[in-house]
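Structure first, commentary second.
The values are calculated or read from the model by the stated rules, or taken from the named source; none is laboratory data. Only a predicted model underlies this, so the values are computations on that prediction, with no experimental measurement involved. For neighbour counting, all protein chains shown are included, and Cβ atoms are generated from backbone atoms with ideal geometry for every residue, glycine included. Side chains included, ligands, DNA and RNA excluded: accessible areas come from the protein's heavy atoms. Shrake-Rupley method; radii C 1.70, N 1.55, O 1.52, S 1.80 Å.
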Amino acid sequence: MNRLAEGITKIIDFFYVPFRKVMPEQMFRYAACGGGNMVLDWVLYFLIYNFVIGHSLVYFQLPISHFQLCLTPHIATLCIVFPITLLTGFWLQKYVTFTQSDLHGARQLIRYITIVAVNLAINYFGLKLCVEMWGWYPTPSKMFITVITVIISYFGQKYYSFRVKKQ
């Protein structure tokens, strides 16, 4: 896994050269890893939604009960894809972007999930506010909220999830 992380880092750093005067290396790595993970999310979502779930409702029996849960295809796909991209995003941030952190991996993961949960809440309430209360179109609303969550996520990951302990 270390060799894979080193290879990804070398590729990202190769493309960083023209951006050296514009942004710090760590921020560029964060953007590249986050962007790559976002593309992975979109591709997996498309493939699973169209070729695995097949636009159908998904029913499954809840364990130790007689209740059956029904998920719409887009939510079922989200439930499948989200844990995958959560873990790939964590791995990329831990081993490519924020490599100097000396916090224990389990603590980093819990903190990473916390930041992701905060961003999910911001997305949910932000869309409610922008679309339902202010009457904005959904796509520009999502784009506006994404800018906010990317900034929050970067600083949250840098100073909370993967922070370097002070000596």
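Odds and ends about this structure:
- The set of residues from the stretch 47-69 being open to solvent by 60 Å² or more (accessible area, probe 1.4 Å) and on the phi > 0 side of the Ramachandran plot comprises His55, Ile64.
- Screening Thr99 with (1) surrounded by fewer than 11 Cβ atoms within 10 Å (Cβ to Cβ); (2) outside any helix (DSSP H, G or I); (3) β-branched (Val, Ile, Thr) gives one miss only, at (1).
- Residue match in the stretch 142-155 (condition: touching a residue at least 24 places away in the same chain (Cβ under 8 Å), surrounded by fewer than 13 Cβ atoms within 10 Å (Cβ to Cβ) and not basic (Lys, Arg)): no
- Scan of the stretch 132-159 for residues that are of a type in the set (Gly, Ala, Ser) and part of a helix (DSSP H, G or I), ordered by number: Ser141, Ser153, Gly156
- Here Phe144 meets each of (1) under 14 Å from Gly34 (Cβ atoms); (2) over 13 Å from the mean Cα position of the chain (by Cα); (3) among the hydrophobic types (A, V, I, L, M, F, W, C) with one exception, condition (1).
- Hits in the stretch 1-46 (condition: basic (Lys, Arg) and open to solvent by 100 Å² or more (accessible area, probe 1.4 Å)): Arg3, Lys10, Arg20, Lys21
- Put simply, of Val17, Val39, Val52 the only residue that is out of contact with any strand residue (DSSP E or B) (no Cβ under 8 Å at 6 or more places or on another chain), in contact (Cβ under 8 Å) with a residue 12 or more places away in the chain and assigned to a helix (DSSP H, G or I) is Val52.
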